[in-house]
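Peer 1: Supplied in structure tokens, the structure appears directly below.
The values are calculated or read from the model by the stated rules, or taken from the named source; none is laboratory data. Everything numeric in this text was worked out from a predicted model, so none of it was measured. Glycine also receives a Cβ, built like all others from the backbone with ideal geometry; neighbour counts cover every protein chain displayed. Surface areas here come from the heavy atoms of the whole protein model, side chains and all, with no ligands, DNA or RNA. Shrake-Rupley method; radii C 1.70, N 1.55, O 1.52, S 1.80 Å.
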Amino acid sequence: MAIAAFAFLTLSSCRSTRPLAKTTPADPIVFSDYFLDKTMRMDFYHCGSATDECYFFDELKEEPYFAGSHVALTDSFNYGNQRFVLLDKASGREIYSIHYCTLWNEWSCTPEAKTTPLGMPESVVFPYPIHDAVAQIWSRSPATKNVWQLKFEHDIKADDYFVRGFSPLYETYDLHVVGEPQHSLDIVLIPEGYTEADKEQFMADCRLFASEFFRFEPWTSNEQRVNMRIVWAPSREAGVSIPAEHKWVNTAVKANYYTFDSERYQMTYDFQTVRDIAGHVPYDYVYILSNSDKYGGGGIYNYYGIGAGHNNRGNSGEVHVHEFGHQLLGLGDEYVEIGNSTSDLYALNVEPWEVNLTTKTDISRKPWANGTLQDDPIHGKAFPEGGGYLEHGIWRPYENCLMNTLAYGFCPVCLQAIVDYLDYITR
């Protein structure tokens, strides 16, 4: 889990384990040949239990902006537990892809998932196709984590008049806008639990987010490649729900603490509503600021992040940047839960896809894990054992890193991984 302290077409079984379609560097995709400069969104329900997984189509929606690169259209980083692929129907060519994770992935590892099937509303966004296309969702095999299995397909008709149009509802503001969306990392900040009377508090929390974000490398050096915008979507009641305290609040995106019964894990299941709000501006990443001083939040790769807007420990900035490390490229938590020797999230006989964790099962996937790292005067011992919540069987690059403890910045390995990913998405 990315806990903030640390931080009708369905295929219910695997359709295929065939290789994913590939686009070679010698055969670039010309954006204008396949896409309009706006977004299509596919809503669906991600359902199942600890042992099975399926998808149910909901609807297609149009959003007015596409913030992504017009060049970096097929994702080869191979992070995440899901992979969305868009194929041109006439040629079968892969014209867009992106990897991501979801809250459902984490839920499927909980005790509840062993007894109670559940469905969560989810969605993916992609550039609006000009021609008929096929949308696919692939998942990593639970057994190997490195074999992709096709779980869902949906045909998209270019002239489909059932694609729901966009109706703006909320005010928007520029917080830090310095570049064109297609060449920038675009973050949208949205409010949770701020009423009309709390608007100034929310705006102050947004300014705090920006100032703290750019206090950390590599964001200090890359400030001119990051845009931040705000959507003001007030809640009817103030605060955030805390189930263990019998506190339930009528808020914009229905977030709550005690996600999966972890006190500091603050998340929302209602990702489609999050998208409804975020779509008012160009965005690559959604970060939710909650009207709370209670320490907690979370972040999930290419999904969303959330944190208390003004926590009572005075380290909101560190929490936000830690969670954004999860959200941007799926950096794993490097901390250890003392006494923990098993985790359904990490199989010790499988190399984690997270760039900053290794089980030593295939260190060729992690060049830093081959023993060449040197101790660092700031980040401490190189290649210590412990990470991914486990005391043994997982190793991390350095003893001290923002993905392990909030007292440090990113270690050299995480720092370089962020820069490499930033270079890709801002091309």
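Peer 1: Sequence gap at least 6, Cα distance under 8 Å: using those rules, report the relative contact order of the range 176-275 to the nearest whole percent.
Peer 2: Value for the range 176-275: 30 percent.
Peer 1: Here's a follow-up. Using every pair of alpha-carbon atoms in the range 263-324, split the distances into 10 Å bins beginning at 0 and state the percent of pairs per bin, rounded to integers.
Peer 2: Distribution as computed: 24, 53, 23, 1 percent.
Peer 1: Let me ask you something else. Measuring with a 1.4 Å probe in the full set of protein chains, what accessible area per residue, in whole Å², belongs to the chain?
Peer 2: Computed with neighbouring chains in place, this is 40 Å² per residue.
Peer 1: I would also like to ask the following. How big is the Rg/Rh ratio for the range 256-395, C-alpha atoms only, Rh by Kirkwood, two decimals?
Peer 2: 1.01
Peer 1: Work out the charge dipole of the chain with +1 on the Cβ of Lys and Arg and -1 on the Cβ of Asp and Glu about the Cα centre, then indicate which of His280, Ile363, His154 is farthest towards its positive end.
Peer 2: Looking along the dipole axis, the top candidate is Ile363.
Peer 1: Using θ = phi - 60° and the Karplus form 6.51 cos²θ - 1.76 cosθ + 1.60, what ³J(HN,Hα) does each residue of the range 41-55 get, whole Hz, x for Gly and Pro?
Peer 2: For the range 41-55, the Karplus-derived couplings read 10, 10, 8, 7, 10, 9, 10, x, 8, 5, 10, 8, 8, 8, 10 Hz, x marking Gly and Pro.
Peer 1: Work out the length of the dipole vector of the range 93-147 about its Cα centre, built from +1 on the beta-carbon of each Lys and Arg and -1 on the beta-carbon of each Asp and Glu, and round it to the nearest 20 debye.
Peer 2: Computed charge dipole of the range 93-147: roughly 200 debye.
Peer 1: Ok, one more. If the cut-off is 18 Å between C-alpha atoms, which aspartates and glutamates fall inside it for Lys247, apart from same-chain ones fewer than 8 positions away?
Peer 2: Correct list for Lys247: Glu192, Glu237, Asp261, Glu263, Asp293.
Peer 1: At a probe radius of 1.4 Å, what is the per-residue accessible area of Cys47, in Å² to the nearest 10?
Peer 2: Per-residue accessible area (Cys47): approximately 20 Å².
Peer 1: In Å, what Rg and Dmax follow from the Cα atoms of the range 346-400?
Peer 2: 10.5, 32
Peer 1: Apply 1/(1 + (r/R0)^6) to the Cβ-Cβ distance of Glu180 and Phe260, taking R0 = 56 Å, and write down the FRET efficiency to the nearest 0.05.
Peer 2: Calculated value: 0.90.
Peer 1: How big is the range 317-427 along each principal axis, measuring the range of its Cα positions in Å and listing the largest first?
Peer 2: Computed over the range 317-427, the largest-to-smallest principal extents equal 38, 29, 29 Å.
Peer 1: Extension gain Arg236-Glu223, at 0.36 nm per residue separation less the Cα-Cα distance, in nm?
Peer 2: Length difference between fully extended and current span is 1.2 nm.
Peer 1: Could you size up the charge dipole of the range 57-154 around its Cα centre, putting +1 on the beta carbon of Lys and Arg and -1 on that of Asp and Glu, and report it in debye to the nearest 20?
Peer 2: Result for the range 57-154 is approximately 420 debye, rounded to the nearest 20.
Peer 1: Using only C-alpha atoms and all pairs of different ones, pull out the Kirkwood radius for the range 223-299 in Å with one decimal.
Peer 2: 13.5 Å
Peer 1: A further question on this structure: Can you give me the % of accessible surface on the range 115-158 that is carbon or sulfur? Probe 1.4 Å, all protein chains present, nothing else counted.
Peer 2: Summing carbon and sulfur atoms, their accessible area is 57 percent of the total for the range 115-158.
Peer 1: Hey, rough spin-label estimate for Ala197 and Ala407, points 7 angstrom out along Cα→Cβ, what's it come to in nanometres?
Peer 2: Spacing of the two 7 Å Cα→Cβ label points: 4.1 nm.
Peer 1: Going down the table (Lys38/Lys89; Lys114/Lys294; Lys114/Lys151; Lys199/Lys294; Lys38/Lys366), which pairs top 29 Å between alpha carbons?
Peer 2: Going by Cα-Cα distance, Lys114/Lys294; Lys38/Lys366 fall outside the 29 Å limit.
Peer 1: What is the distance in Å between the Cα centres of the range 188-230 and the range 83-142?
Peer 2: Taking the Cα centre of each part, the range 188-230 and the range 83-142 sit 29 Å apart.
Peer 1: Which value, to two decimals, describes the C-alpha radius of gyration of the range 129-229 once divided by 2.2 N^0.38 Å?
Peer 2: Ratio of Rg to 2.2 N^0.38 Å for the range 129-229: 1.57.
Peer 1: Right, something else. Kirkwood Rh and Cα-based Rg: tell me the resulting Rg over Rh for the range 51-122, rounded to two decimals.
Peer 2: Checking Rg against Rh, the ratio lands at 1.03.
Peer 1: Now, a different point. Explain nothing, just compute: Karplus ³J(HN,Hα) = 6.51 cos²θ - 1.76 cosθ + 1.60, θ = phi - 60°, for every residue of the range 97-107 in order, whole Hz, x for Gly and Pro.
Peer 2: Running phi through 6.51 cos²θ - 1.76 cosθ + 1.60 with θ = phi - 60° gives 7, 7, 9, 6, 10, 9, 5, 4, 4, 5, 4 Hz.
Peer 1: Then there is this: Which residues' amide hydrogens lie under 5 Å from the amide hydrogen of Met267, considering only partners 5 or more residues apart or on another chain, with H built in the peptide plane?
Peer 2: Asn256, Thr259
Peer 1: Can I ask one more? Taking the Cα centre of the range 291-354 as the origin, how large is its charge dipole in debye, to the nearest 20, when only Lys and Arg (+1) and Asp and Glu (-1) carry charge on their Cβ atoms?
Peer 2: 260 debye
Peer 1: Amide H to amide H under 5 Å from Gly386: which residues, 5+ apart in sequence or cross-chain, H placed 1.01 Å off N in plane?
Peer 2: Under 5 Å from the amide H of Gly386: Gly393, Ile394, Trp395, Arg396.
Peer 1: Between Ile230, Asn404, Pro352, whose Cα lies farthest towards the positive end of the dipole of the chain when Lys and Arg beta carbons carry +1 and Asp and Glu beta carbons carry -1, centred on the Cα centre?
Peer 2: Pro352
Peer 1: Same structure, new question: Could you give me the ³J(HN,Hα) list for the range 318-323, computed from phi with Karplus coefficients 6.51, -1.76, 1.60 and θ = phi - 60°, whole Hz, x at Gly and Pro?
Peer 2: For the range 318-323, the Karplus-derived couplings read 4, 4, 4, 6, 4, 5 Hz, x marking Gly and Pro.
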